[in-house]
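The values are calculated or read from the model by the stated rules, or taken from the named source; none is laboratory data. Here the structure is a predicted model, which is why all the values come from computation and not from measurement. In this analysis, Cβ positions are derived from the backbone assuming ideal geometry, glycine residues included, and neighbour counts consider all displayed protein chains.
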Amino acid sequence: MSLVKVKNLTISFKQYDNIVHAVRGISFEINQGESLGIVGESGSGKSVTFMTVMGLMNSPTSIVEADLIEIDGINVLEKSKENIKKIRGKIAAMVFQDSMTSFDPLHTIGYQIAETIVTHKNINNKEALKQAEHLLERVEIQNANKVLNYYPHQLSGGMLQRAMIAMALSCEPKLLIADEPTTALDVTVQAQILQLLTDIQQETNMSFVMITHDLGVIAETVDRVLVMYSGKIMENSNVFDIFNQPKHPYTKALIDSIPGKEPGKKRLKEISKEDRDLWYAGT
């Protein structure tokens, strides 16, 4: 059963006298309990697609056109901003790349997680703080009862990202979207966060989306992969076929650029004009 349905989504931005197309008529679905990787270089349209799905595309210069954007049977395009806020957190939640900017530096970690819980659940602050402590323990933060009283600047990058995941999970969403959640972390912490996200997805059977520019990150994390290039979906297949039988030249170039796969091939190769024209002609 599809939890998310997107049909013919186009996202454009007004730039002086021009219109820049960031996403060009893409369609896809995400099934309940499925883990999906969205891969492509910066500017390919990955993040802006899911910002739009979450109802976060509020820029006055943005133009969103679509036949359908649906989450759990709710048409996002037909809902007011207040109703969209209710969807976020309770049905879908997002973990951003820079967790430091996602937290309010003036309030403690515990206060902010508890505030999210109170907003979406009919419980008091004391009970919400208990749940916040449990969530911090769930994401493997030591001394959770003390960390509740810490401010964001007192946590390391890895701990702060764990706290961000805890906040995202606070209302038990059906869909969790992680946008480059490990980019700013060192390799060891990155592996721990990826394993944590994988474990949580498997335990809860929620749908999970991993947005990244790095194919290596999603190799053992997701079931299916969408490869985006220049605002279009170039390839949509299971993770095994993406790595072993890639069809599009851009996907092949991404795989070749994975560090360590082939010595000396670490830079993403440019797709030839002929390959681009052939692919666009067929889509």
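Here are a few things to note about the model shown:
- Qualifying residue in region 45-54 (condition: in a helix (DSSP H, G or I), small (G, A, S), in contact with a strand residue (DSSP E or B) (Cβ under 7 Å, 6 or more places away or on another chain) and not assigned by TED's automatic domain parsing to the domain that holds H120): yes
- Single condition N58 does not satisfy, out of (1) in contact (Cβ under 8 Å) with a residue 24 or more places away in the chain; (2) on the phi < 0 side of the Ramachandran plot; (3) outside any helix (DSSP H, G or I): (1)
- The one condition from (1) in contact (Cβ under 8 Å) with a residue 40 or more places away in the chain; (2) more than 21 Å from L175 (Cβ to Cβ) that Q201 does not meet is (2).
- S42 vs. criteria under 26 Å from M234 (Cα atoms), surrounded by fewer than 17 Cβ atoms within 10 Å (Cβ to Cβ) and assigned by TED's automatic domain parsing to the domain that holds V225: yes
- Looking across region 217-234 at every residue that is modelled with pLDDT of 95 or more and charged (D, E, K, R), the one that is farthest from the chain's Cα centre (by Cα) is identified as K232.
- Within region 212-246, restricting attention to residues that are touching a Ser or Thr at 6+ places or on another chain (Cβ under 6 Å) and over 20 Å from G43 (Cβ atoms), the residue that is surrounded by the most Cβ atoms within 10 Å (Cβ to Cβ) is V222.
- Being closer than 18 Å to I26 by Cα, modelled with pLDDT under 90 and not hydrophobic (A, V, I, L, M, F, W, C) holds for only one residue in D256, D186, D214, D277, and it is D277.
- Leading residue by the ranking (surrounded by the fewest Cβ atoms within 10 Å (Cβ to Cβ)) among those in region 170-195 that are among the charged types (D, E, K, R) and more than 21 Å from H120 (Cα to Cα): D186
- Looking only at region 86-114, and only at residues there that are within 17 Å of the chain's Cα centre (by Cα) and in a helix (DSSP H, G or I), the one that is modelled with the highest pLDDT: S102
- Looking across T188, T182, T198, one residue alone is of a type in the set (V, I, T) and outside any helix (DSSP H, G or I). It is T182.
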